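Step one of this worksheet: look at the structure below.
Just so it is clear, none of the values below were taken in a lab; they were calculated from the coordinates. Values in this document were obtained by computation on a predicted structure and should not be read as measured data. Cβ placement follows ideal geometry from the backbone for every residue including glycine, while neighbour counts extend to all protein chains displayed.
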């Protein structure tokens, strides 16, 4: 990864011992592993969800074996699975990829009648920094979600896994959407652009956001001034190639045909 970008992100890398000693702080993101490692089928978790939650109360990711979509809201971890269900996560469960922050936002902004692309554009205009965390809550006209099936070793690549993803329409629903924005240059470390997961307020469903059309609600944003990344053995921070960028885009941001 470009040295200038590393400095711009205020990127700090650490091992598991360093992660245990790393205290949560406002405007700091904590991440375990990288999106490139996940693309390369590194699905065996090292840190536990309990360890991750020490670093923040808002976040997203997945569970060991790529077992569903992790959603962290108000310090509580939930997982959305391929049957559309949402359930709490045991703190001892491990994760191969997760991002969290002790969410410290500014004042909320009102959102009214925004289709998905317009919502992302509004969040872009509001974002206080290149790396930002967001929480959106309100009444959604449409929420299209996805999750992926749990994998067994030997693991296929993420690009192959998402070909089997389950997608569903949550319909008109009150929900909370959480996530992060990273610059395009951070591809390899993270998903470029907005990476969002959602859960219904009534706990009925949750997953990775493919489409979110909001009728009315509010958004809170938090600028990140440091990004701390725990790197499991053999995982490194590196820039993604053009082919890897395309693979990340297909795997993380594009609706399928289901």
Item to check | Difference of contour (0.36 nm per residue) and Cα-Cα distance, residue 40 to residue 24 | outcome: 2.9 nm
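Neighbouring Cβ atoms within 10 Å as the yardstick, rank 209, 148 fewest first.
On the way: 209 28, 148 22.
So the ranking, lowest neighbour count to highest, is 148, 209.
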Next on the checklist: Among 199, 39, 126, which one shows the highest mean-square fluctuation when the chain is modelled as a Gaussian network with alpha-carbon springs under 10 Å?
Outcome noted: 126
Next on the checklist: What distance in nm lies between label points placed 7 Å from Cα along the C-beta direction at residue 238 and residue 142?
Outcome noted: 3.9
Next on the checklist: Defining a contact as two alpha carbons under 8 Å apart and six or more residues distant in sequence, what relative contact order in percent does the chain show?
Outcome noted: 30
Checklist entry - If contacts are Cα pairs under 8 angstrom and at least 6 residues apart, what is the relative contact order of the range 15-94 in percent? => result 26
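Can you tell me what the convex hull of the Cα atoms of the range 183-229 projects to on average, as an area in nm²?
Averaging across all directions leaves 5.0 nm² for the Cα convex hull.
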Checklist entry - In Å, what Rg and Dmax follow from the Cα atoms of the chain? => result 16.6, 47
Item to check | Model label zone, residue 201; criterion: amide N under 20 Å from point 7 Å along Cα-to-beta-carbon; scope the range 113-153 | outcome: 113-116, 119, 134-145
Checklist outcome for this item: Under Stokes-Einstein, the range 111-175 at 10 °C and 1.306 mPa s, with its Kirkwood radius over C-alpha pairs, diffuses with a coefficient in µm²/s of 109
Checklist outcome for this item: Among the Cα-Cα pairs of the range 125-258, the proportion with separation greater than 20 Å, in percent, is 54
Next on the checklist: Taking R0 as 45 Å, what FRET efficiency do you get between residue 216 and residue 54 from their Cβ-Cβ distance, rounded to the nearest 0.05?
Outcome noted: 0.85
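Mind sorting 155, 43 by how few other Cβ atoms lie within 10 Å of their own Cβ, fewest first? All intermediate terms of the calculation are to be shown ahead of the outcome.
Values: 155 17, 43 25.
So the ranking, lowest neighbour count to highest, is 155, 43.
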Next on the checklist: Among 70, 29, 119, which one shows the highest mean-square fluctuation when the chain is modelled as a Gaussian network with alpha-carbon springs under 10 Å?
Outcome noted: 119
Checklist entry - Using a simple spin-label model with points 7 Å from Cα along the Cα→Cβ vector, what separation in nm is obtained for residue 225 and residue 250? => result 4.1
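Mind sorting 146, 17, 181, 250 by how few other Cβ atoms lie within 10 Å of their own Cβ, fewest first? Walk me through the numbers on the way to the answer.
Values: 146 21, 17 9, 181 24, 250 14.
With the sparsest Cβ surroundings first, the list reads 17, 250, 146, 181.
Let me have the 222 nm mean residue ellipticity of the chain computed from DSSP H runs of 4+ only, each contributing -39500 (n - 2.57), with the sum over all residues rounded to the nearest 500.
Estimated from H runs of four or more residues: -4500 deg cm²/dmol.
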Checklist entry - Considering the Cα trace of the range 1-80, what is its radius of gyration and what is Dmax, both in angstroms? => result 13.3, 37
